[in-house]
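To start, the structure itself, in structure tokens.
The values are calculated or read from the model by the stated rules, or taken from the named source; none is laboratory data. None of these values were measured; they are calculated from a predicted model. As a convention, Cβ positions derive from the backbone with ideal geometry for all residues, glycine included, and neighbour counts pool all protein chains shown. For the accessible areas, the whole protein counts, side chains as well, though only heavy atoms, and no ligand, DNA or RNA atoms are used. Shrake-Rupley method; radii C 1.70, N 1.55, O 1.52, S 1.80 Å.
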Amino acid sequence: MDHAALIYRTRLPVRLWHWLNALSVFVMLMSGMMILNAHPRLYWGKFGANPDHAWLEISNFPGSDVPFPPLLTIPSRYDLAAARQWHFFFAWVLAASFVAFLLYAVTSRHLLRDLWLRREERSPGHLWRDIKAHAALRFPTGDAARAYNPLQKLAYLGVLLVLLPLVVLTGLTMSPALNAAFPVLLDLFGGRQSARSIHFLCASGLALFIAAHLAMVLLAGPLNELRSMVTGWYRLPMEKRP
């Protein structure tokens with residue numbers, strides 16, 4: 001009987017950041033929904049209030065007087081002050097852990113070795129084949145499963161280099177105290193209301209990433225994937241014999 005190889009695939013700093021980042025993002029998404037319940041309208045520019053034109057107005061949840069029901073928010077009852085405390089505390093946890101992980105990823109070459117796409121992976125034909133394989137739920141097996149596939153790399157790089165930095169910077173831009181200390185942030189994002197809108201879009205992108213990520217984990221084999229993120233050890237899926 002053949003046994004699939006067990007390899008050490010996920011290093012300890014990656015695992016620690018994965019779980020700390022997951023906790024921080026989940027708390028921030030849920031507390032952010034409570035904050036958004038207080039004023040579920042988004043604007044572009046420097047100003048935004050009820051009389052102003054909103055590019056997005058989020059409708060109330062069916063049977064509720066707020067867009068996001070208590071099951072999805074922190075705290076579960078309407079409490080804007082408490083939601084801000086949760087949000088701000090984990091915002092600093094997210095920012096500090098992100099900077100620490102980015103330094104590790106660069107200095108350990110994790111970014112270039114494991115996440116950056118190789119030349120052949122950047123070709124349109126290679127990416128298209130990977131998209132079709134994922135659409136058909138055909139996942140890498142054998143030695144091909146030792147490394148991240150191109151779509152995984154693109155998704156992780158998008159989170160690491162685009163969504164998380166923008167979430168942190170736009171969050172800082174919405175702070176009046178930091179506006180006074182770093183007015184360049186307001187110029188960078190075109191005003192506090194524009195920063196709030198970009199913050200919402202990036203948070204929505206993170207929520208979509210989490211949903212897709214969890215779906216892929218379930219389809220690829222949740223026990224094996226969880227073992228890799230808890231212990232670091234991953235069992236290579238066996239290749240199917242003709």
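Between Arg119, Arg109, Arg41, the GNM of the chain built on Cα springs shorter than 10 angstrom shows Arg119 fluctuating the most. One decimal place: the segment Leu71-Glu120 gains 13.1 nm when fully extended, by the rule 0.36 nm per residue minus the C-alpha distance.
Given the DSSP H assignment, sum -39500 (n - 2.57) over each helix run of at least 4 residues in the chain and divide by its residue total; what's the result at 222 nm in deg cm²/dmol, nearest 500? Walk me through the numbers on the way to the answer.
On the way: 9 runs with 136 residues, N = 242.
Theoretical 222 nm ellipticity from helices: -18500 deg cm²/dmol.
Charge tally around Pro40: other residues with Cβ under 13 Å, Lys/Arg +1 each, Asp/Glu -1 each, net 0. Carbon-plus-sulfur accessible fraction, the chain (probe radius 1.4 Å, protein heavy atoms only): 69%.
Could you work out the local net charge near Ser123, counting Lys and Arg as +1, Asp and Glu as -1, over the other residues with Cβ closer than 13 Å to its Cβ?
Values: positive: Arg118, Arg119, Arg122, Arg129; negative: Glu120, Glu121, Asp130.
Residues close to Ser123 contribute a combined charge of +1.
Size estimate for the chain follows the Kirkwood approach: the inverse of mean 1/r over distinct Cα pairs works out to 20.2 Å.
The local environment of Thr173, defined by Cβ-Cβ distances under 12 Å, has a net charge of +2 under the rule Lys, Arg +1 and Asp, Glu -1.
Working out 0.36 nm times the residue gap between Leu23 and Leu151, then minus their Cα-Cα distance, what length gain in nm do you get to one decimal? Let's see the in-between values first.
Working: separation 128, 0.36 × 128 = 46.08 nm, distance 2.38 nm.
Between Leu23 and Leu151, full extension yields an extra 43.7 nm.
Normalised Debye scattering of the stretch 140-242 at q = 0.11, 0.14 Å⁻¹ gives log10 I(q)/I(0) of -0.51, -0.68, counting only Cα atoms as equal scatterers and leaving out solvent.
Just to be sure I understand: with springs between alpha-carbon atoms less than 10 Å apart, which residue in Lys46, Lys153, Lys132 has the highest mean-square fluctuation in the Gaussian network model of the chain? Highest fluctuation of the listed residues: Lys132.
At the listed q of 0.11, 0.14, 0.15, 0.22 Å⁻¹, the Debye profile of the stretch 64-128, built from one uniform point per Cα, gives log10 I(q)/I(0) equal to -0.57, -0.70, -0.72, -0.90.
If one computes the Cα centroid of the stretch 1-70 and of the stretch 175-221, what distance in Å separates the two points? Using only Cα atoms, the two centres lie 9 Å from each other.
What accessible area per residue comes out for the chain, rounded to a whole number of Å², with a 1.4 Å probe?
On the way: 14550 Å² over 242 residues.
Heavy-atom accessible area per residue stands at 60 Å².
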